[in-house]
Amino acid sequence: MAVCARLCGVGQARGCRRRQQRKGPAEAAGAAAESEPDTDPEEERIEGVPVMARPVGACGASGHGGAGDPGAGLAAGGAGSPVSTCPQPPQPPARCSLLELPPELLVEIFASLPGTDLPSLAQVCTKFRRILNTDTIWRRRCREVLHRYRHILGLWQPDIGPYGGLLNVVVDGLFIIGWMYLPPHDPHVDDPMRFKPLFRIHLMERKSATVECMYGHKGPHNGHIQIVKKDEFSTKCNQTDHHRMSGGRQEEFRTWLREEWGRTLEDIFHEHMQELILMKFIYTSQYDNCLTYRRIYLPPTRPDDLIKPGLFKGTYGSHGLEIVMLSFHGKCAKGTKITGDPNIPAGQQTVEIDLMHRIQLPDVENLRNFNELSRIILEVREQVRQEQQQQQQPEGQEEGPGQAPPSARECPPEPPAYQKPEQPAPAPSWGAEGGGGTEKGLEASGDGPPAAPEPAPSEGGQPFVLPAGVISRNEDYPRTCRMCFYGTGLIAGHGFTSPERTPGVFILFDEDRFGFIWLELKSFSLYSRIKATFQNAEPPSPEAFDEMLKNIQALTT
């Protein structure tokens, strides 16, 4: 047990034979009197001496005699010494063996030792080895060693121009790993998310941690992480040659295309879509995993939310699937892009839903008529415009009929009224949200998706079908919806030029899926909830979440 005591640095072990051997015969006998037999075979192997368990007399000598036993006097004073009566010495406090401590206390003791010494301590005895298998010890060591990196746990958005992204930094065993979350391949919006590691941090030597870049296909290599401030950090790869492939940029592009889109360039027949894909590869690959990340939070949940807020995958035409954060703000809801594209970059609010203006869709037969849906939406748009004008009247002026109180709307005011054309206006020529504009040629020809059987509406729902002529990347959308609301969608030209909000309708299908019809583009986006669990992503307050939304939007405005 002396070995155990020296390894752990906690007092002296009970029954330590090495200490007894260094003492005189009487002192050794006295120490033996204070000990109990220790029959742990592993301890006998460690010490290499037999267990001592002899009785001790009153004067500290071996034997069975008491104070008047001549044998006891001889043992104490040596041969020929007169027999004398020795006073009873005070008994020293009993010393406790580490093996007799409760496991909870051993966990605390072992957790305070240097992490690199723990493997050696596990070889002392079976009990120590069992205690050292406790996850609590190793997790605490990781937290202490990786203390400087504790602020990077959680969700982050990389600064990759308009494309953005979603990074989740977690503790995984003895590592801290940064996982980049990627949407499934277009247009399979209900498929699970994909993810790949970008960096990892782990302990190599005492009191130090090693950062490794995981980008590329040649395994981990040297990297660096710099914590700029509490809600911002950057990564740098120190060996970017590990990102290169033997076949050059062409092989790198083909590999990236298979991972990003699940297809080859020959499978993509639309020229405009090929240009968008090649543009994204050139833009994103130049960073070589040297990126700056800014913290993002998951939206807070309120009792009166329409559905649980969170992250969703959405279809965006030739841009593929993108990640959108749905959050609720009193009388409106917002869809903020976490990943984006050259038209509407990450950080912008792709859709805004007016929860004060619910839309009652017509029956299925009339819903198939796009002009009928357009008429309904534009009437609501005009009503919203009138209410906004009334709210902006000077104080003291009488309210007009149907005027809502100033607190009825919390979303930003919308642009001037949309003038309904006599005929449905053609989609703008720029590439925009939902696959409109020049992306229309990619979709199948015809007046719309084929008619599907109309199931009986579920409780509280109604049958739903897309109007003729509305384009959808994914025709496997629900045929029953719960409710619909008026909303606006953001469209813009390439490079986020001439952005404007255009009318549309938000369709709530269920707790995990919703859609949006872009009226002016005659296109439909389907969104499906990301069901991954994210830790360390809750905002410290609702105000902190709102501030985060403003910050990421300002970066791309």
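Table for the structure above
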| quantity | calculated |
| --- | --- |
| Where Gly68 falls short, out of the listed (1) open to solvent by less than 80 Å² (accessible area, probe 1.4 Å); (2) at pLDDT 80 or above; (3) more than 30 Å from His224 (Cβ to Cβ) | (2) |
| Residue count, region 465-491 (criterion: modelled with pLDDT of 95 or more, hydrophobic (A, V, I, L, M, F, W, C) and in contact with a Ser or Thr (Cβ under 7 Å, 6 or more places away or on another chain)) | 4 |
| Scope region 240-253; condition open to solvent by 60 Å² or more (accessible area, probe 1.4 Å) and under 18 Å from Gln286 (Cβ atoms); matching residues | Asp241, Arg244, Arg249, Gln250 |
| Positions within region 260-274 being open to solvent by less than 40 Å² (accessible area, probe 1.4 Å) and outside any helix (DSSP H, G or I), in sequence order | Ile268, His270 |
| Residue match in region 371-383 (condition: in contact with a strand residue (DSSP E or B) (Cβ under 8 Å, 6 or more places away or on another chain) and part of a strand (DSSP E or B)) | no |
| Lone unmet requirement of (1) open to solvent by 70 Å² or more (accessible area, probe 1.4 Å); (2) in a helix (DSSP H, G or I) for Lys236 | (2) |
| All positions within region 468-498 that are touching a Gly at 6+ places or on another chain (Cβ under 7 Å) and either on the phi > 0 side of the Ramachandran plot or open to solvent by less than 40 Å² (accessible area, probe 1.4 Å) (or both) | Gly469, Val470, Ile471, Tyr477, Thr480, Cys481, Gly487, Thr488, Gly489 |
| Test: residue in region 499-515 that is closer than 16 Å to Thr557 by Cβ and open to solvent by 50 Å² or more (accessible area, probe 1.4 Å) | yes |
| Failed criterion for Thr301 (all others in (1) β-branched (Val, Ile, Thr); (2) open to solvent by 20 Å² or more (accessible area, probe 1.4 Å); (3) farther than 25 Å from Leu526 by Cβ hold) | (3) |
| Exclusive hit being touching a residue at least 40 places away in the same chain (Cβ under 8 Å), closer than 30 Å to Asp476 by Cα and among the small types (Gly, Ala, Ser), set Gly165, Gly223, Gly178 | Gly165 |
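Yes/no matrix, rows are residues, columns are (1) at pLDDT below 95; (2) closer than 20 Å to Arg194 by Cβ; (3) under 23 Å from the mean Cα position of the chain (by Cα):
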position	(1), (2), (3)
Gly262	yes, yes, no
Pro299	no, no, yes
Arg302	yes, no, yes
Ala346	no, yes, yes
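Yes/no per residue for (1) over 24 Å from the mean Cα position of the chain (by Cα); (2) part of a loop (DSSP other than H, G, I, E, B); (3) without any contact (Cβ under 8 Å) to a residue 60 or more places away in the chain:
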{"position": "Leu276", "(1), (2), (3)": "yes, no, no"}
{"position": "Tyr283", "(1), (2), (3)": "yes, no, no"}
{"position": "Asp288", "(1), (2), (3)": "no, yes, no"}
{"position": "Arg294", "(1), (2), (3)": "no, no, no"}
{"position": "Gly314", "(1), (2), (3)": "no, no, no"}
{"position": "Lys334", "(1), (2), (3)": "no, no, no"}
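The values are calculated or read from the model by the stated rules, or taken from the named source; none is laboratory data. What you see is a predicted model, and the numbers here were worked out from it, not measured in a lab. Backbone-built Cβ (ideal geometry, glycine too); neighbour counts: all protein chains shown. Protein only, heavy atoms only, side chains kept; ligands, DNA and RNA dropped before computing areas. Shrake-Rupley method; radii C 1.70, N 1.55, O 1.52, S 1.80 Å.
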